[in-house]
Amino acid sequence: MPGAIALVDCASFYVSCERVFDPSLRGVPVVVLSNNDGCVIARSEEAKALGIAMGTPYFQIREKLEREGVRVFSSNYALYGDMSRRVMAVLRSFSPHVEVYSIDEAFLELPRASEEELRREALRIRERVGRWTGIPVRVGVGPTKTLAKLASERAKAVPEQVLALMRPEHIEAVLEETPVEEVWGIGRRHAARLEALGVRTARQLRDLPDRWVRRHLSVTGLRTVWELRGISCLPLELAAPPRRTLVRSRSFGRAVTDLMELREAVTMHASRAAEKLRALGLAAGALVVFVSTGAYGQGPHYSGSQLVGLPLPSNDMRMLARAAWDGLRRVYRADCAYRKAGVLLLDLVPAGVVQGDLFAALDERSRSLMRAVDALNRRWGGETIRLASAGFARPWEMRQQRRSPRYTTSWAELPVVRA
């Protein structure tokens, strides 16, 4: 018998992570900014009530935020990523079948049960995640992923932030009240076309003939319609698809013109990307280094990239950094002020199947050295062991003037409890 699907959505996730370690943030407006403190990417409910819109550049609303007493934070992805892993670990205590949909959302399969039993299970999920991690979540349950997504959205208006949508008459009523543009998978273009034809609700969309949907909304639209009928067409993706590329880049905190500072940046990105490769058990066969001035501000405006092949697929940070430096020298222009640089790793293969040849033998010492570097960095903190060419002062690093401590991932930034 098919089970039910629950969508667990962390409420205002970035803001909630900040509030876990700073109780003074509860009940006050809070916003989180993007890289380089550029624009608003997360808001508390109190901040939303003040009319602060997502994506608003920080410099445009700085005075308003100060006047309204809004607490402002730089994005702290080390903290958010770790808190996300903790939330997902709690969800796996309820079901072995969990699809991590994003950093703050996950689908999980639950046993088939009555609507009331599933509602109580959703309440237990919400209570346990909140108690074990401090992150408030909203839970929607339905017979398919699309209906679970719809239930999650509707749960925003329910005081207990939980809604199970299993009984046919209950589903019918919710579909009748839901505008078609709010259905998961129906984009603005399809919504405009549907509304022009008089299809304004999710119930009307569900009842359209299959042939018409197939012709005008493609197979993807037909899957959405079947999901609204309670027929599961979107199975849980329990394993991530094999990774084919890996990119690592950041914007600079200020314009960079010096070649050696650019070298520090691309070396750092190559080293971090190599570390990620080793964690995934992969090796890269080629690397692209890229730099950009951006399209605005004083010119000249320039974006360049260079592909560099490797003799053998590798995840040795020294080899990748050397390739990045080789590419950077060929793409660098001294008359430009750069705003961003990074590396893209290509031709990824499992590290265990890489074979040497007559001209490039495998170096077992490289693997041993990288294992030792990873072990030391795990024990003593990231970049305890690093390439000297990655720099130490790094005046070009992105601005994070308002970043909170990395409470859960840095020994030097552990929270302090005062009694």
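Search region 92-104 for residues that are without any contact (Cβ under 8 Å) to a residue 24 or more places away in the chain and farther than 16 Å from ALA11 by Cα and pair each with any residue that is of a type in the set (Val, Ile, Thr) and in a strand (DSSP E or B) when their beta-carbon atoms are under 6 Å apart and the residues are at least 6 apart or on different chains.
ARG92/VAL98
Counting only residues that are open to solvent by 40 Å² or more (accessible area, probe 1.4 Å) and either in contact with a helix residue (DSSP H, G or I) (Cβ under 7 Å, 6 or more places away or on another chain) or of a type in the set (D, E, K, R) (or both), how many does region 239-260 have?
Number of matching residues: 7.
Restricting to region 199-220, give me the number of residues that are in contact with a helix residue (DSSP H, G or I) (Cβ under 7 Å, 6 or more places away or on another chain) and either buried (at least 17 other Cβ atoms within 10 Å of the Cβ) or among the small types (Gly, Ala, Ser) (or both).
Here the count works out to 9.
Within region 117-125, is there a residue that is in contact with a helix residue (DSSP H, G or I) (Cβ under 8 Å, 6 or more places away or on another chain), modelled with pLDDT of 95 or more and outside any loop (DSSP other than H, G, I, E, B)?
Yes, region 117-125 contains a residue that is in contact with a helix residue (DSSP H, G or I) (Cβ under 8 Å, 6 or more places away or on another chain), modelled with pLDDT of 95 or more and outside any loop (DSSP other than H, G, I, E, B).
Would you confirm whether any residue within region 267-285 is part of a loop (DSSP other than H, G, I, E, B), open to solvent by less than 60 Å² (accessible area, probe 1.4 Å) and out of contact with any Ser or Thr (no Cβ under 6 Å at 6 or more places or on another chain)?
For region 267-285, residues part of a loop (DSSP other than H, G, I, E, B), open to solvent by less than 60 Å² (accessible area, probe 1.4 Å) and out of contact with any Ser or Thr (no Cβ under 6 Å at 6 or more places or on another chain): present.
Residue-wise test of (1) surrounded by 17 or more Cβ atoms within 10 Å (Cβ to Cβ); (2) in contact with a Gly (Cβ under 6 Å, 6 or more places away or on another chain); (3) over 30 Å from ARG254 (Cβ atoms).
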| site | (1), (2), (3) |
| --- | --- |
| ARG26 | no, no, yes |
| ALA47 | yes, no, no |
| GLY55 | no, no, no |
| LYS64 | no, no, no |
| SER74 | yes, no, no |
| ARG85 | no, no, yes |
| SER93 | no, no, yes |
| ILE103 | yes, no, no |
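Restricting attention to region 188-217, report how many residues are assigned to a helix (DSSP H, G or I), among the small types (Gly, Ala, Ser) and more than 24 Å from GLY142 (Cα to Cα).
Of the residues in region 188-217, 2 are assigned to a helix (DSSP H, G or I), among the small types (Gly, Ala, Ser) and more than 24 Å from GLY142 (Cα to Cα).
Give the residue that is nearest to GLY185 (Cα to Cα), with candidates limited to residues of region 221-238 that are open to solvent by 50 Å² or more (accessible area, probe 1.4 Å) and in a helix (DSSP H, G or I).
ARG223
The values are calculated or read from the model by the stated rules, or taken from the named source; none is laboratory data. All figures in this text were calculated on a predicted structure; none of them were measured in a lab. Cβ: placed from backbone, ideal geometry, glycine included. Neighbour counts: every protein chain shown. Heavy atoms of the whole protein, side chains included, go into the accessibility calculation; ligands, DNA and RNA do not. Shrake-Rupley method; radii C 1.70, N 1.55, O 1.52, S 1.80 Å.
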